[in-house]
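Student: Next up is a structure, given as structure tokens.
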Amino acid sequence: MSAIPADLPLRTDLVGEEPYGAPQLDVPVCLNVNENPYPLDPEVVEAICRRVGEEAPGLNRYPDREHEGLRKALAAYLKEESQAALEPEQVWAANGSNEIMLQLFQAFGGPGRTVLGCDPTYSMYPEYARDTFTDWELAHRLPDFSLDMETTIERIKALGPAMVLVTSPNNPTGTPLPMEELTRLLEVCSQVHVSGADQSARPIVVVDEAYIEFRDPGTPSAVSLIGRYDHLAVSRTMSKAFAFAGARVGYLAASRGIIDAVRIVRMPYHLSALTQAAALAALEHTDLQLARVDKLRETRRKTAEWLSEQEYHGQPLTVVPSASNFILFGIFPDRDAIFEAMKEAGVLIRAVGPEGYLRVCMGTDAEMERFRGTLVDVLKRL
């Protein structure tokens, strides 16, 4: 319950709202927020400590507000990881990909502007819209959670949104966005006028790739299209595959025009010197940071196979194909009862997304064994 007293002049549209956030509970197995379950390698920890130690004496001074060294390192990483030849000026970092998204809404949304998303999708997007007084509209996905391309295109043409926001792999379903579909969206948006903007304005397409490193090998990233489309912006994070959630580092790859637009709305000195130092140390050890990605892909594959063999009330579970580090599964008449029983048994997963589904992120072998045993027991009891 909110503790905000009635005599505070809270914005009218915020009355009754609650802060966003997944449950943070002290349970033995936490598989609810899509973290990388493996701690940092000691060599990376040592490098972070060294870099932070070098910055500490100068903390009386403000950090590099343009974080030029970090942008250069991120551009080098994208060239190696996705074969995308970007200049540092085409990359921007912030306090997690959440801040990246908020900055995009601040720069391109606002009163009289619309952003179009494709649901089910990340539950924070409408909150970014609310906080920036932007209209949030939806195009519903198909039953298999892939994009309904025809409906989405119809909505783009009808609404003239400032942004079209798609997620790949999608959260909470794990569904990837094929490159041919992304290219089609980009082509459509290049011919659509943005409602409420200058006559020459065209929608930008924002692809949220928070989980992209978990895609199957050989699958291209949206960043490879940035040179062809100036109205494409790709958001990424170091929280997931990089095992860097506690550091809060997200980043954006886009044309220089989009990056400069975001720079207008950024808070001054939004990335501390310590955050920049830690991120640079992690990027110097990319191989170590991503060493567990193959393991987590294999865990995802085995878990999906195992879930598909389970039954509830005599019916096999539905398992949504995933290209991420989590799996959406169901369908349960009362998913909250399953969630609560799992939590009481010490395993925290997530009741999120389409009604009847639960989501589990991939943990260590011991955590996944605990998950499997607990789920079997819960399904039998309920």
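The values are calculated or read from the model by the stated rules, or taken from the named source; none is laboratory data. Note that the structure is predicted; figures quoted are calculated from it, not measured. Note that each Cβ is placed from the backbone with ideal geometry, even for glycine, and that neighbours are counted across all protein chains shown. We work out accessible area using only protein heavy atoms, side chains counted, and drop any ligands, DNA or RNA first. Shrake-Rupley method; radii C 1.70, N 1.55, O 1.52, S 1.80 Å.
Student: If I go through region 291-314 residue by residue, how many of them are outside any helix (DSSP H, G or I) and surrounded by 16 or more Cβ atoms within 10 Å (Cβ to Cβ)? Step through it out loud before you land on a result.
Tutor: So in region 291-314, the residues outside any helix (DSSP H, G or I) come out as 291-292, 309-314.
Okay, now just the ones that are also surrounded by 16 or more Cβ atoms within 10 Å (Cβ to Cβ), so 292, 312.
Residues that pass the stated criteria total 2.
Student: Hey, residue 242 hits all of (1) in a strand (DSSP E or B); (2) among the hydrophobic types (A, V, I, L, M, F, W, C); (3) in contact with an Asp or Glu (Cβ under 8 Å, 6 or more places away or on another chain) but one; which does it fall short on?
Tutor: Of (1) in a strand (DSSP E or B); (2) among the hydrophobic types (A, V, I, L, M, F, W, C); (3) in contact with an Asp or Glu (Cβ under 8 Å, 6 or more places away or on another chain), only one is false for residue 242: (1).
Student: So, one more: Can you tell me which residue among 190, 221 is polar (S, T, N, Q) and either closer than 30 Å to residue 292 by Cβ or in contact with a strand residue (DSSP E or B) (Cβ under 6 Å, 6 or more places away or on another chain) (or both)?
Tutor: Sole residue among the options that is polar (S, T, N, Q) and either closer than 30 Å to residue 292 by Cβ or in contact with a strand residue (DSSP E or B) (Cβ under 6 Å, 6 or more places away or on another chain) (or both): 221.
Student: How many residues are under 27 Å from residue 106 (Cβ atoms) and either without any contact (Cβ under 8 Å) to a residue 12 or more places away in the chain or surrounded by fewer than 24 Cβ atoms within 10 Å (Cβ to Cβ) (or both) if we restrict to region 172-184? Walk me through how you get there before you give the answer.
Tutor: Residues of region 172-184 under 27 Å from residue 106 (Cβ atoms): 172, 177, 182.
In the following step, the residues that additionally are either without any contact (Cβ under 8 Å) to a residue 12 or more places away in the chain or surrounded by fewer than 24 Cβ atoms within 10 Å (Cβ to Cβ) (or both) were identified as 177, 182.
Of the residues in that region, 2 qualify.
Student: Looking only at region 202-225, count every residue that is touching a Ser or Thr at 6+ places or on another chain (Cβ under 9 Å), open to solvent by 30 Å² or more (accessible area, probe 1.4 Å) and without any contact (Cβ under 8 Å) to a residue 60 or more places away in the chain and tell me the total.
Tutor: Count: 1.
Student: A further question follows. Find the strands (runs of 3 or more DSSP E) located wholly in region 80-169 whose residues include 2 or more that are open to solvent by less than 40 Å² (accessible area, probe 1.4 Å) and touching a Ser or Thr at 6+ places or on another chain (Cβ under 9 Å), and list them.
Tutor: By residue number, 114-119, 163-167.
Student: Looking at residue 282 and the list (1) among the small types (Gly, Ala, Ser); (2) open to solvent by less than 60 Å² (accessible area, probe 1.4 Å); (3) without any contact (Cβ under 8 Å) to a residue 40 or more places away in the chain, which single condition is not satisfied?
Tutor: (3)
Student: Still on this structure, I have one more. Which residue, of 261, 323, is under 19 Å from residue 98 (Cα atoms) and among the small types (Gly, Ala, Ser)?
Tutor: Unique residue meeting the criteria: 261.
Student: Continuing with the same structure: Is one or more of the residues making up region 49-67 under 26 Å from the mean Cα position of the chain (by Cα), open to solvent by 70 Å² or more (accessible area, probe 1.4 Å) and free of Cβ contacts under 8 Å to residues at least 12 places away in the same chain?
Tutor: Scanning region 49-67 turns up no residue that is under 26 Å from the mean Cα position of the chain (by Cα), open to solvent by 70 Å² or more (accessible area, probe 1.4 Å) and free of Cβ contacts under 8 Å to residues at least 12 places away in the same chain.
Student: Go through region 1-48 and give me each residue that's farther than 30 Å from residue 373 by Cα, of a type in the set (Val, Ile, Thr) and either in a loop (DSSP other than H, G, I, E, B) or open to solvent by 90 Å² or more (accessible area, probe 1.4 Å) (or both).
Tutor: Within region 1-48, the subset farther than 30 Å from residue 373 by Cα is 1-20, 42-48.
Remaining after also requiring of a type in the set (Val, Ile, Thr): 4, 12, 15, 44-45, 48.
Residues satisfying the conditions are 4, 12, 15.
Student: OK, next. Of the residues 132, 114, which is over 30 Å from residue 295 (Cα atoms) and in contact (Cβ under 8 Å) with a residue 60 or more places away in the chain? Break it down into steps so the answer makes sense when it comes.
Tutor: Working: 132 fails: in contact (Cβ under 8 Å) with a residue 60 or more places away in the chain.
Being over 30 Å from residue 295 (Cα atoms) and in contact (Cβ under 8 Å) with a residue 60 or more places away in the chain holds for just one of 132, 114, which is 114.
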